[in-house]
Amino acid sequence: MTPFLFTIVVFIVALGAGLMGSLLGLGGGLILVPVLTLVLGVDIRYAVGASIVSVIATSSGAAAAYVRERLTNLRVAMFLELATTAGALTGAAIAGLVSGRWLYVVFGAVMAYSALAMLRKLGRGAAPAVVAGPDALADRLGLHGSYWDEETGREVSYRVTRPLTGLGLMYAAGTVSGLLGIGSGALKVPAMDLAMGLPFKVSTATSNFMIGVTAAASAGVYFARGDIDPFIAGPVCAGVVLGAFAGSHYLTKVKSHWLRGLFVAVLLWVAFQMLRKGVSP
């Protein structure tokens with residue numbers, strides 16, 4: 001493949017990854033890293049480095065629109081960023097000590113766990129939602145919120161619960177982000193949706209806001225180590241920004257259960273591909 005054709009292919013892949021990442025709060029790394037490594041033969045360390053940069057680009061392309069539409073819960077985001085930033089620095093430091101094969105295995109295992117957690121929630125989708133009880137810390141910090149849902153045509157109010165549990169899960173998510181370069185939206189969205197009681201669309205929008213800060217915390221470590229190749233990261237960023245900007249205009253119009261189903265399908269496919277790569281001789 002010529003350098004020009006490689007650039008075009010990477011740009012198109014990044015465009016799709018940015019669109020999916022914006023809709024699902026994933027950052028696009030879940031799609032980029034497997035395609036770059038499994039299809040285009042890029043070394044996983046350079047793929048992770050490019051993904052880290054693309055996560056920042058995804059967040060920049062989608063976060064502003066979600067904040068303007070009041071989907072993003074800024075109080076929850078800033079509270080949880082205390083843990084994800086610390087975790088991202090931890091993961092970036094560990095990444096330099098772990099072999100590539102183990103990165104594939106860890107990547108696949110994390111994705112499989114997230115998919116199973118969301119699949120259980122999807123199976124209970126028809127059941128009536130359970131209203132969260134009072135939570136002293138969430139009340140004190142004013143973490144609850146509301147947003148206008150164009151799908152249903154009404155204002156949706158929600159209450160946040162178990163913020164300390166979310167904080168612990170976000171440290172783990174940040175560590176995975178720094179280690180794998182995925183933005184950890186695959187962990188942040190289930191953590192906010194399942195553990196803290198945020199609506200799925202709010203979890204997605206808040207994750208999009210958070211992933212850029214988390215990735216920026218670890219990007220400097222990857223750059224200093226020489227794991228960010230501008231030849232790969234350039235077209236990745238260009239495609240991801242355009243895709244994320246497009247995706248940000250459709251989130252409020254898409255049905256939540258369709259988003260959950262798409263989220264689970266993407267996670268299961270990526271988990272299978274990455275585990276197979278990690279365990280194959």
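What follows is calculated from the coordinates using simple rules that are stated; it is not laboratory data. Note that the coordinates shown come from a computational prediction; the quantities given were computed from them, not determined experimentally. Note: ideal-geometry Cβ built from the backbone for every residue, glycine included; neighbour counts use all protein chains shown.
Before moving on, here are some points about what is shown:
- Counted residue by residue at 0.36 nm each, then reduced by the alpha carbon distance between them, the extension gain from ALA93 to ARG276 reaches 63.3 nm.
- Sorting the segments 204-215, 228-239 by their residues' average number of neighbouring beta-carbon atoms within 10 angstrom, most packed first, yields 204-215, 228-239.
- Sorted peptide list for 101-110, 187-196, criterion being average Cβ within 10 angstrom, highest first: 187-196, 101-110
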